[in-house]
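These notes concern the structure reproduced below.
Taken together, the values in this text are just the output of simple stated rules run on the coordinates, not laboratory data. As the structure is a computational prediction, the values presented were derived from the model and not from experiment.
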Amino acid sequence: MKEILVLWMYLDAQKKAILLKEVYPSLSTSLQEYHDSFLFEKDRFHFLAGRKMLMDSLVKEGLGQELINHIKQNDFGRPYIENAPDFNISHSGELVVMAWSKVSRIGVDTEEIRTIDFTEYEEFFTPLEVLSIKNNTNLAEQCLRVWTRKEALGKYLGKGLSEDRLASIDVLQPFVSMEGQNLFFHEVDLLPAYITHLVTDLPNAKITLLRH
């Protein structure tokens, strides 16, 4: 069975100290400047955690961690490294997640379960999705479950999804058919307070979880 790795890191105080000591110094000057440009400390640690998991994955693949300084982006801002496996990173709260795949393009999104104002999300959902959310006993959790599916789908496509397009794609089923292919949703259980979804073109991928 084809394997996709999902690496994750919970940013406690010990992890943050390690990131500052080990990862920040290894970055190029331009990436250090990019890190320093983040206004909020949490965003700086999200950035370092993602780079740490990516660096370790590159080394394990025998590609060399210096490729961390050569990340490119497509016209819609989707990051990639030439001649390397596909990867995708998401973060919310204290959790940072990276999907890594040699067998399929991937998209991943995670959200911390929290109190939300549903009116801020409603316009992005189809009528059936709105109904499924409003009829759920835990509106916030179901809203974020549907939202992470849509976000992971957009990140898989790597083209960005406009508000109108988001609102027209129903993601309640196990897969959607787009651009001549079936794209499958996989819910990934990492921590009880978070919802994470992975999108791939593989219906029965082996998803291996690796905590950093």
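Some notes on this structure:
- Once C-alpha pairs closer than 8 Å and six or more residues apart are averaged by separation and normalised to the residue number of region 108-173, the relative contact order reads 47 percent.
- Tally of Lys pairs whose C-alpha atoms are under 21 Å apart, taken over the chain, 8 or more apart or cross-chain: 29
- Extended-chain gain in nm, criterion 0.36 nm per residue less alpha-carbon gap, Glu120 and Ser37: 27.1 nm
- Computed over region 88-189, the alpha-carbon pair-distance distribution with 5 angstrom bins reads 2, 12, 23, 25, 21, 12, 4, 1, each value a whole percent.
- Comparing mean-square fluctuations of Gly64, Gly158, Gly180 from a GNM of the chain with C-alpha springs under 10 Å, the top value falls on Gly180.
- Helix axis angle, 41-60 relative to the chain longest principal axis, alpha carbon, degrees: 70 degrees
- The calculated 222 nm mean residue ellipticity attributable to helices in the chain amounts to -9500 deg cm²/dmol, summing -39500 (n - 2.57) over DSSP H runs of n ≥ 4 and dividing by all residues.
- Residue of Glu111, Glu41, Glu94 that the Gaussian network model of the chain assigns the largest fluctuation, springs spanning Cα pairs under 10 Å: Glu41
- Percent RCO, i.e. relative contact order, over the chain, from Cα pairs under 8 Å lying at least 6 residues apart: 26 percent
- Note on the chain: GNM, Cα springs under 10 Å; of Asp189, Asp170, Asp86, the largest mean-square fluctuation is that of Asp189.
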